[in-house]
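Single-structure report; data block below.
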Amino acid sequence: MKDNPHLEIDRRILGDAYASEESWENLRILTDEFGSRFGGTEGERRAVEFLAEKMRAYGLVNVDQEPVEYLSWQRGEASLEVLEPVRRTIPCISLPHSPARSVEAPLVDMEEGSPRDFERRAAEIDGKIVLTNSVVSMAGVHRWIHRNEKLGRSMMAGAQGFIFANHYPGYGPPTGGIGHRGRASLIPGIGLSYENGAYLQRLIRQHGQLRVRLETQDRMKSGVSWNVVGELPAQGEEIVMLGCHYDGHDISQGAQDPASGVASLLEAARLLASHAGALKSRVRIVFWGVEEIGLLGSNAYVAAHEAELDRVRFYFNLDGAGAVEEKGVVLNEWPALEPVFEGWSREMALPFQVGQSVNAHSDHFPFLLAGVPTGGMEQVRRSLSGRGYGHTAFDTLDKVDLRGLREAATLAARLALRMANTDHWPATRRSREAVQALITAPPYDEEARFREAIDAHYARARS
């Protein structure tokens, strides 16, 4: 073990966290009292006030609620009917930012929705409604395939509707945003349970073709959300940022995703304010609004704070971190930082793993695109099965435990202490050209090409 210059502070942080149930009580309030905290709900507004009040009570300064204007979405009725060769009504839910629309068309089963299958079977999709599922890892594919990529590839092949079935039995229908850059999807989309998705697949195998009618009656209007920001003061001007979105999906408490990360980050802020003493760099804590429908809060923040991004040493994302099984650090391709974090692991006598990868699906991504050094608390040996209870009605408080919150909070606090106090930080902001080179090089090039293609598709459709 290396000598630990922060040993006494580490001991106070750990002792306080493991003698306190503050993080659990905060999580209970966020979930049992405020519900989903989905954009536009009363629970969202109450959560914003709660987070700001807690940060002030813990001693953070410059606490603010920064408004985020966006296109809000409210769930309406959704229906799915099998019309031919049998008649059956299938329970379903609409997906956020689905437009209000009714479509009737044959159903095509794209199974897991591999990019290769969409390329190979594109001619089968035009004019039809696509059925696929929530599997994120599949044979021959080296990366996660997100829901919105399956939707986008369906649209680009001419699909008229999108059906997203859970691949977990017994978890109910999944939800998840299907808008594009804060605007509505071009086609309606719904979520189905595993069992109903499997039923549709059996009908297709038995009868060869199904004709279905899909209808959603959702509503959209201009809305305002908020990013909740606070700081631990320091003498220097450099900034270490830690963040997590607080909005869940409207059908659920969102206890694992994201509230376990919110409670862990709030506890890390309390521990740092109580025990870290004078810091060399500022530690800024941010709770993001409306992440679930397009990273809207973090995108708005990066745009509004462009002038100070050169001073951000690191953005550390804690999305759902309290529920991560093996808590490690995933850096977004910053090789110079890997030995730094590995050295801190030895110094802290805490053997966490350090890995490198890039994905576009949480609040680190707007910072990554802006060149800021980024990473998150994730499982390095990542499970490729999917979200589990996440994005379902069963992501409830009972799926989280206090031990996970304590582990995430203390790891975040101890890392932030070191990031803020180290004299030498071996990562600086990337240029726009360097960012583009990163995300368009293997193994990230295929997803980058998809993002470019779907942007162009939306631009043509809306011109």
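The values are calculated or read from the model by the stated rules, or taken from the named source; none is laboratory data. Keep in mind that what you see is a predicted model, and the values were worked out from it rather than measured. Ideal geometry is used to build each Cβ from the backbone, glycine not excepted, and the neighbour counts take in all protein chains shown. Ligands, DNA and RNA are excluded from the accessible area calculation, which covers all protein heavy atoms including side chains. Shrake-Rupley method; radii C 1.70, N 1.55, O 1.52, S 1.80 Å.
Couple of notes before you dig in:
- Hits in segment 296-312 (condition: closer than 11 Å to Tyr70 by Cβ and crowded, with 24+ Cβ neighbours inside 10 Å): Leu296, Gly297
- In segment 6-31, residue nearest to the chain's Cα centre (by Cα) [restricted to those that are more than 15 Å from Leu402 (Cβ to Cβ) and touching a residue at least 24 places away in the same chain (Cβ under 8 Å)]: Ile13
- Some residue of segment 217-233 being touching a residue at least 60 places away in the same chain (Cβ under 8 Å), of a type outside the set (Phe, Trp, Tyr), over 30 Å from Arg46 (Cβ atoms) and open to solvent by 10 Å² or more (accessible area, probe 1.4 Å): no
- Applying a threshold of 6 Å to beta carbon distances and a minimum spacing of six or more residues, or different chains, the list of pairs starting in segment 188-211 at a residue that is in a loop (DSSP other than H, G, I, E, B) and ending at one that is among the β-branched types (Val, Ile, Thr) reads Pro188/Thr216.
- Tally of residues being open to solvent by 10 Å² or more (accessible area, probe 1.4 Å) and either outside any loop (DSSP other than H, G, I, E, B) or touching a Ser or Thr at 6+ places or on another chain (Cβ under 8 Å) (or both) across segment 368-379: 2
- Tally, over segment 319-359, of residues that are free of Cβ contacts under 8 Å to residues at least 60 places away in the same chain, closer than 23 Å to Arg403 by Cβ and hydrophobic (A, V, I, L, M, F, W, C): 3
- Residue check for Arg418: open to solvent by 20 Å² or more (accessible area, probe 1.4 Å) and either charged (D, E, K, R) or under 30 Å from Gly15 (Cβ atoms) (or both): no
- Complete set of residues in segment 334-367 that are open to solvent by 50 Å² or more (accessible area, probe 1.4 Å) and part of a loop (DSSP other than H, G, I, E, B): Ala349, Leu350, Pro351, Gln353, His361
- Restricting the first member to segment 304-318 and to residues that are more than 17 Å from Arg418 (Cα to Cα), and the second to residues that are surrounded by fewer than 16 Cβ atoms within 10 Å (Cβ to Cβ) and modelled with pLDDT under 95, the beta-carbon pairs closer than 9 Å and six or more apart or on different chains are Glu308/Glu237.
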